[in-house]
1. At a Förster radius of 35 Å, what calculated FRET efficiency corresponds to the Cβ-Cβ distance of F5 and K99, to the nearest 0.05?
2. Using modelled amide H (1.01 Å from N, peptide plane; none on Pro or chain starts), what sits under 5 Å from the amide H of S73, excluding residues fewer than 5 places away?
3. Past the 20 Å Cα-Cα mark, which pairs from K19/K88; K39/K88; K67/K88; K35/K99; K19/K112?
4. Tell me which label goes with the value of Rg/Rh (Cα atoms, Kirkwood Rh) computed from the coordinates here: (1) 0.92; (2) 1.44; (3) 0.98.
5. Just order 54-66, 34-46 by mean Cβ neighbour count inside 10 Å, highest at the front, would you?
6. Where does each of 82-94, 10-22 land if you order them by average Cβ count within 10 Å, highest first?
7. Determine the dipole magnitude for the chain: charges of +1 sit on the beta-carbon of Lys and Arg, -1 on that of Asp and Glu, nothing else is charged, the reference point is the Cα centre, and the result goes in debye to the nearest 20.
8. With r defined as the distance between the Cβ atoms of N43 and T91 and R0 fixed at 30 Å, what FRET efficiency is calculated, to the nearest 0.05?
Amino acid sequence: MKRIFKTDPNLLALIDDLKAKERETGAAIWRDIAKRLEKPRRNWAELNLSRLDRNAEAGDVVLVPGKVLAAGSISKKVTVAAYSFSEKAETAIAAAGGKTMSIADLMAENPKGSGVRIMR
């Protein structure tokens, strides 16, 4: 069986940065996210806005190791960091008063990863 490796240089750089941040700060959350992103893309999290609205509280910082999709609606002001967002999901989160960011931005803003919830 032929082994297939990740070829996206941006993803490889993000995984390396996550592992380096874990070694630097000792925050295990970054190694966990790196391991999830190393898995095949078909096993990545795909989170709908309806699930985000059900499980997150207003003011939460949520990390999705995958993609956020626009199915459903969101009514809470939440900060969401993910590898990618659908366009409609990004506008819906902003319309609800929330904020979207990349995983790298969250890592720079919160190096210890304190108060971050992982949703999948």
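1. Between F5 and K99 the formula returns 0.55.
2. S50
3. Where the Cα-Cα span goes over 20 Å, the pairs concerned are K19/K88; K39/K88; K35/K99.
4. (3)
5. Highest to lowest by the protection proxy: 54-66, 34-46.
6. 82-94, 10-22
7. Charge dipole of the chain: 540 debye, to the nearest 20.
8. 0.65
Read-outs: derived from the displayed coordinates by stated rules, not from any lab. Remember, it's a predicted structure, so these values are computed and weren't measured experimentally. Here Cβ is always computed from backbone atoms with ideal geometry, including for glycine, and neighbour counts include all displayed protein chains.
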